[in-house]
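Asker: Questions regarding the structure given below will be posed in turn.
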Amino acid sequence: MKLTLDEKNSVELQKISKSIRPEHLGQSIDEDHLMNVFMDSLYKDCAALIGYTKQVLAHNINFDFVRTIMDRVVFGQNRLFVTGIGKSGAIARRFAGSMSLVGAPSVFVHEAELYHGDFGMMRSDDVLVIVSKSGLTPEAVNAAKHADEYGIIAMAMTGNTGRPLNENTRDSFVIPVPEELMNRLPSRSIVEFEAAVNAFVSVVAHFADVNEQTLRRTHPGNFPEWISTAEQHAKNVEDVKRLLHNS
């Protein structure tokens, strides 16, 4: 009997499912073991973030990267574009969205789309932040070179020094990459990069005098819930500060 296209697809999906299904699927999982694995991951995330915070406390950080964004975008007339691909692209998208939230005009552009017309949105002296953990991807390096050719200020947010991306951008904000999940899967580095994004947004919000009225305009959804958790969060922050300074 001849199979329809949908039936053929269904058969192929079943083959794939059987090929990747672990033998113990469907068996009960020990709850204590599950909890241990879950907590181990959280502890490693915290350790990565504490390690990065200690580096910042030791002034091992390039604040010129932040100053350029402040001078050109927040206090100037230029715009911020943030680009990346893969997991770096997800971080870049959140970076642009959160900066816009505090009033800094920012746009996310997918790296692959830069070469198909999106460079046309940028003008001389706009800022392009290229997020790339490795600093090696051809898309990132080529974006930096093309931006420089047309007077766009290209800066790198990366996990390494001395890479082609660092060498082809005006400034680099380097976030040393910790041990990743299975030594390969982007995981702890995402925690550190996201924390750095939060820090950038906090700096902008502080020096641009962003207030409750600004946030009600840029992010009206769920605003009351933010206020209700602020007091407890402040206590948690003080606990973390004491932990870091006593370690």
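Asker: For each of 204, 240, count neighbouring Cβ atoms within 10 Å of the residue's Cβ, then give the residues from fewest to most.
Answerer: So the ranking, lowest neighbour count to highest, is 240, 204.
Asker: So, one more: Please list, ordered by chain and number, the residues whose modelled amide H lies under 5 Å from the amide H of residue 173; skip anything fewer than 5 residues away on the same chain.
Answerer: 156, 157, 158
Asker: Let me ask something additional. Going by C-beta contacts inside 10 Å, put 189, 88, 28 in order with the fewest on the left.
Answerer: So the ranking, lowest neighbour count to highest, is 28, 189, 88.
Asker: At residue 237 and residue 57, where each label point lies 7 Å from the Cα along Cα→Cβ, what is the point-to-point distance in nanometres?
Answerer: So the label points at residue 237 and residue 57 sit 1.7 nm apart.
Asker: Label points 7 Å out from Cα along the Cβ direction at residue 67 and residue 150: separation in nm?
Answerer: Taking the simple label geometry, residue 67 and residue 150 are separated by 2.9 nm.
Asker: Something else about it: Give 44/87; 44/133; 54/145 a once-over and call out the pairs whose C-alpha atoms are over 29 Å from each other.
Answerer: Violating the 29 Å Cα-Cα cut-off are 54/145.
Asker: Nothing charged except the Cβ atoms of Lys and Arg (+1) and of Asp and Glu (-1): what's the magnitude of the dipole of region 64-213 about its Cα centre? Round to the nearest 20 debye.
Answerer: Dipole of region 64-213, to the nearest 20 debye: 200 debye.
Asker: Taking the Cβ of residue 105 as the center, what net charge do the other residues with Cβ under 15 Å away carry, scoring Lys and Arg +1 and Asp and Glu -1?
Answerer: +1
Asker: Could you list 153, 50 in order of exposure, starting from the residue whose Cβ has the fewest other Cβ atoms within 10 Å?
Answerer: Going from least to most buried by this count: 50, 153.
Asker: Using Cα centres only, tell me the gap between region 160-226 and region 118-149 in whole Å.
Answerer: After rounding, the separation between the Cα centres reads 18 Å.
Asker: Can you give the FRET efficiency for residue 112 and residue 41, using 1/(1 + (r/R0)^6), R0 = 22 Å, r = Cβ-Cβ distance, to the nearest 0.05?
Answerer: E(calc), rounded to 0.05, equals 0.10.
Asker: Pull up the DSSP beta bridges for region 64-213 and report the antiparallel fraction as a percent, rounded to 5.
Answerer: 5
Asker: Starting from the Cα of residue 214, step 7 Å toward the Cβ, then list every residue of region 54-94 with an amide N under 17 Å from that point.
Answerer: What the label zone holds, given the 17 Å backbone N cut-off, is 66-80.
Computed from the coordinates by the stated procedures, all read-outs in this text should not be read as laboratory data. No experiment lies behind these values; they were computed from the predicted model shown. Backbone-built Cβ (ideal geometry, glycine too); neighbour counts: all protein chains shown.
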